[in-house]
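The values are calculated or read from the model by the stated rules, or taken from the named source; none is laboratory data. Note that the structure is a prediction, hence the values are computed from the model and not measured. A quick note on method: Cβ atoms are made from the backbone with ideal geometry, for glycine too, and the neighbour counts reach across all protein chains shown. These accessible areas exclude ligands, DNA and RNA; they are computed on the full protein's heavy atoms, side chains included. Shrake-Rupley method; radii C 1.70, N 1.55, O 1.52, S 1.80 Å.
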Amino acid sequence: MQDDAEAGVGLDPALALRRSERLTAALQSMSRGLAGGKEPGDKFLAEATQEARAAAQAGVDLLDLIHTYRVLQSAMWDVLLDLTTVLIPDSSEQLEVQKWVSGRQHDWFDVAVANIIDAYRSEQHRFFYKSEDHRLRSEVRDFIAGRRSARPSANYPFEGQHLSVVAWGEDPKGTIECAGMALNSDQRLVLESTDGAFLGWLAVRDDKDFVGKVAAMDLPQGSHLALGSLDKGFAGFKRSHQRAWRAYKIGRLTGNQITLYADVALESVFATNMQAVHDLVALQLGPILSDPRKDILCETLTAYFASGCNAVAAAAALQVHERTVAYRLKSVEERLGVDVADRHVELLVALRLQRLLRSIAETRNSMT
């Protein structure tokens with residue numbers, strides 16, 4: 001069902017997360033309704049309309065948004081048909097129950113979708129037609145997407161060198177200003193994006209200490225910043241933004257305050273399909289992850305690969321005896337049934353993705 005309902009989500013991580021949460025919440029709401037509750041309730045409707053507003057900001061087609069609820073309704077109907085067949089022996093009674101269930105489902109759908117449509121259209125009108133920067137935002141979006149060749153009508157040096165950023169959380173516009181000052185940018189372009197995030201382009205000079213200055217930035221508590229790459233010209237304006245947006249996807253998932261594209265380029269490629277991430281990690285590391293010593297074994301593997309598959313260097317980095325490293329590597333190979341040196345590329349990718357999953361889990365746990 002999740003795969004079928006992904007149409008229109010695009011690359012916006014906040015919207016994808018909302019979509020996943022709303023599908024779960026909708027199933028729970030439908031289930032409570034079948035059990036006699038007054039559903040869809042106010043809590044679900046408030047959350048669903050919030051997703052609808054974010055979808056309107058992202059330019060997701062309204063029909064795609066409604067389609068997700070149709071997919072959900074169909075999936076639940078399939079389950080309910082199977083259940084009534086199994087639990088109710090009498091065929092005529094089955095039919096009566098199925099009619100009642102169908103009616104409850106359609107009533108739920110009508111109420112939920114009516115609220116979603118109203119919220120979507122209201123936000124679309126505000127975001128695209130009433131906000132002050134709507135025209136410039138549309139021009140920049142079309143420019144990045146390749147639908148517009150003329151430069152956007154903004155007082156910004158598009159032909160110069162850029163660093164694109166995405167800020168969210170507390171005071172995103174102020175966060176971009178902090179980044180601009182830290183990197184000595186005297187010209188900036190800042191636009192509202194989706195779900196409370198803001199896009200920024202900083203006109204910057206060549207800076208060999210760019211990464212160091214970024215790491216030293218003291219951002220306000222609760223603010224988050226994702227950064228692309230230093231790029232030049234019109235093509236660089238687009239490229240830096242695309243990289244900043246990919247970094248934003250990872251930063252939004254992990255909750256890190258500062259996320260550099262160069263640090264998460266690999267993760268950003270895989271994170272477009274989180275189910276594939278889980279599958280790859282399970283395939284490559286599954287037997288290790290069920291071991292009580294999983295943290296030690298993964299740490300040893302990481303150090304071993306970082307040292308160029310040199311056990312002596314890995315032991316020095318871990319501050320343990322080289323025999324300890326050899327013993328741990330043997331334990332890993334016994335559990336995985338492979339030579340780690342022969343499978344080092346796959347294992348190295350899996351280790352990085354495992355750290356990503358752990359960071360996502362820690363962030364969600366802290367939020368709840």
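Do we have residue 80 as closer than 30 Å to residue 245 by Cβ and either in contact with a helix residue (DSSP H, G or I) (Cβ under 9 Å, 6 or more places away or on another chain) or at pLDDT below 90 (or both) here?
Details: closer than 30 Å to residue 245 by Cβ: no; either in contact with a helix residue (DSSP H, G or I) (Cβ under 9 Å, 6 or more places away or on another chain) or at pLDDT below 90 (or both): yes.
Answer is no for this residue.
Go through segment 291-303 residue by residue and tally those that are in a helix (DSSP H, G or I) and either basic (Lys, Arg) or more than 30 Å from the chain's Cα centre (by Cα) (or both).
Step one: list which residues in segment 291-303 are in a helix (DSSP H, G or I), which gives 294-303.
In the following step, the residues that additionally are either basic (Lys, Arg) or more than 30 Å from the chain's Cα centre (by Cα) (or both) were identified as 294.
Within segment 291-303, residues that are in a helix (DSSP H, G or I) and either basic (Lys, Arg) or more than 30 Å from the chain's Cα centre (by Cα) (or both) number 1.
Conditions (1) of a type in the set (A, V, I, L, M); (2) loosely packed, with under 14 Cβ neighbours inside 10 Å, marked per residue:
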position	(1), (2)
119	yes, no
122	no, no
125	no, yes
140	yes, no
143	no, no
148	no, no
153	no, yes
169	no, no
172	no, no
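Here residue 137 fits the description: out of contact with any Phe, Trp or Tyr (no Cβ under 6 Å at 6 or more places or on another chain) and either among the hydroxyl-bearing types (Ser, Thr, Tyr) or closer than 23 Å to residue 64 by Cα (or both). Note on segment 330-348: among residues that are assigned to a helix (DSSP H, G or I) and in contact with a Leu (Cβ under 7 Å, 6 or more places away or on another chain), the one that is nearest to residue 270 (Cα to Cα) is 347.
Residues that are under 15 Å from the mean Cα position of the chain (by Cα), at pLDDT below 90 and closer than 22 Å to residue 364 by Cα are absent from segment 217-237. The number of residues in segment 253-269 that are more than 27 Å from residue 158 (Cβ to Cβ) and either in contact (Cβ under 8 Å) with a residue 40 or more places away in the chain or basic (Lys, Arg) (or both) comes to 6. Screening residue 21 on (1) modelled with pLDDT of 80 or more; (2) charged (D, E, K, R); (3) part of a helix (DSSP H, G or I) shows it passes everything except condition (1).
This table checks each residue for (1) touching a Gly at 6+ places or on another chain (Cβ under 9 Å); (2) surrounded by fewer than 15 Cβ atoms within 10 Å (Cβ to Cβ).
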| residue | (1), (2) |
| --- | --- |
| 301 | no, no |
| 308 | no, yes |
| 312 | no, yes |
| 321 | no, yes |
| 342 | no, yes |
| 362 | yes, yes |
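For residue 83, the criteria (1) hydrophobic (A, V, I, L, M, F, W, C); (2) assigned to a helix (DSSP H, G or I); (3) in contact with a Gly (Cβ under 9 Å, 6 or more places away or on another chain) hold in every case but one, which is (3). Would you say residue 52 is out of contact with any Lys or Arg (no Cβ under 6 Å at 6 or more places or on another chain) and surrounded by 15 or more Cβ atoms within 10 Å (Cβ to Cβ)? Answer is yes for this residue. Could you tell me whether segment 245-265 includes any residue that is open to solvent by 60 Å² or more (accessible area, probe 1.4 Å) and within 20 Å of residue 145 (Cβ to Cβ)? Yes; the residues of segment 245-265 include at least one that is open to solvent by 60 Å² or more (accessible area, probe 1.4 Å) and within 20 Å of residue 145 (Cβ to Cβ).
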